[in-house]
């Protein structure tokens, strides 16, 4: 069977399995799920054995011994196996299937994998694991599920967040749930009454948090060039990867281009509803659509493509200077005629 990470605690209250596969790309959910399962294992009398990595150096004799060994303090063993990003490999996959078939009730198997996709789910080893056990999906929630995830996290901490606060928290922390968890803990300390409004979240997190890529894109959408350039400088200082920034702003520009095209026949508010654009972001999109014509957007998308090619192929170029030019060109359309000087 397979469940989402946020259902794990409820699931364990009803039943337990001899095998758990914690799989996904969201570190926060992976770590929390593993800790929950370890706590459950200890409460059921299991003792942790040394962890193993299923790479090409995996010692299967040691793994089998860990599954059957008895200690002075416990007769039941928790055995943890980590599957590399590249997968277990053919030999380890075969051994996994064999191990599952030989497991006894005195062994609890906890596996961790960073990938969970159709290829993984169609593999023999995955099917063998989930036939007797449970897969905990720890994939990063997409934008449609993220607000509900934020509400659940707030509820778990006793925080009462209004709809706009939830939307802003979701937007600012999309793709970084660890930062979301840290932000909620900060808000819990700042506001003992546990009431979260849009203004409270804005004031507190803008003052206490590091800038994220979304602060940069928000400033560009709104046409606030000074703020956008300041955020860009902070992101550079924090070592944020350029490719992540480019992909994030690419998504925004493609959406703007689509909206600009559709606005010819459809009211903009209808388009906002159709594209599920949060109410807190609509003024920024409206500002961008008013400021940037279809021609400007096309040029920006072309400039972005050139930037991405340069980042991936020209390691000596001053890409951050080019990012400054791009940022300014997005905020001030007349800057599109400017060309950044090449520096090494």
Label zone at residue 262 (point 7 Å along Cα-to-Cβ), backbone N below 17 Å, the range 282-301: 282-290, 294
Residue order, fewest to most beta carbons within 10 Å, for 285, 315, 20: 315, 285, 20
Efficiency of FRET between residue 60 and residue 123 - r from beta-carbon atoms, R0 22 angstrom, step 0.05: 0.75
Base-10 log of normalised Debye intensity for the range 2-137 (one unit scatterer per alpha-carbon) at q = 0.12, 0.14, 0.16, 0.18 Å⁻¹: -0.42, -0.58, -0.78, -1.00
Antiparallel bridges, percent of DSSP beta bridges restricted to the chain (to nearest 5): 0
Inter-label distance for residue 101 and residue 186, nm, one decimal - labels placed 7 Å from Cα along Cα-to-Cβ: 5.3
CD proxy at 222 nm, helix term only [per DSSP H run n ≥ 4: -39500 (n - 2.57); per residue of the chain; nearest 500]: -18000 deg cm²/dmol
The chain: angle of helix 89-102 to the longest principal axis, Cα-based, in degrees nearest 10: 40
Kirkwood-based Rg to Rh ratio, the range 84-233, C-alpha trace: 1.14
Rounded to 10°, Cα long-axis angle of helix 213-222 versus longest principal axis of the chain: 20
Taking N as its residue count, the alpha carbon Rg of the range 146-208 over 2.2 N^0.38 Å: 0.94
When the range 210-272 is reduced to its Cα atoms, the Kirkwood hydrodynamic radius in Å: 12.8
Computed label-point distance, nm, for sites residue 291 and residue 203 using a 7 Å Cα→Cβ extension: 2.6
Per-residue Cβ neighbour rank within 10 angstrom, fewest leading, 331, 138: 331, 138
Listed residues 261, 274, 294, most fluctuating in the chain (Gaussian network, C-alpha, under 10 Å): 274
Kirkwood-Stokes translational diffusion coefficient of the range 213-337, alpha-carbon pairs, 37 °C, 0.692 mPa s, µm²/s: 221
Helix axis angle, 163-172 relative to the chain longest principal axis, alpha carbon, degrees: 90
Segment residue 282-residue 298, extension gain: residue separation times 0.36 nm, minus the distance between their alpha carbons: 3.6 nm
Which of 106, 162, 142 has the fewest Cβ neighbours within 10 Å, and the rest in rising order: 142, 162, 106
Orientation-averaged projected area, Cα convex hull of the chain (nm²): 21.7
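Every number in this text was worked out from the coordinates using simple rules, so none of it is lab data. Note that the structure is predicted; figures quoted are calculated from it, not measured. Positions of Cβ are backbone-derived with ideal geometry, glycine not excepted, and every protein chain shown enters the neighbour counts.
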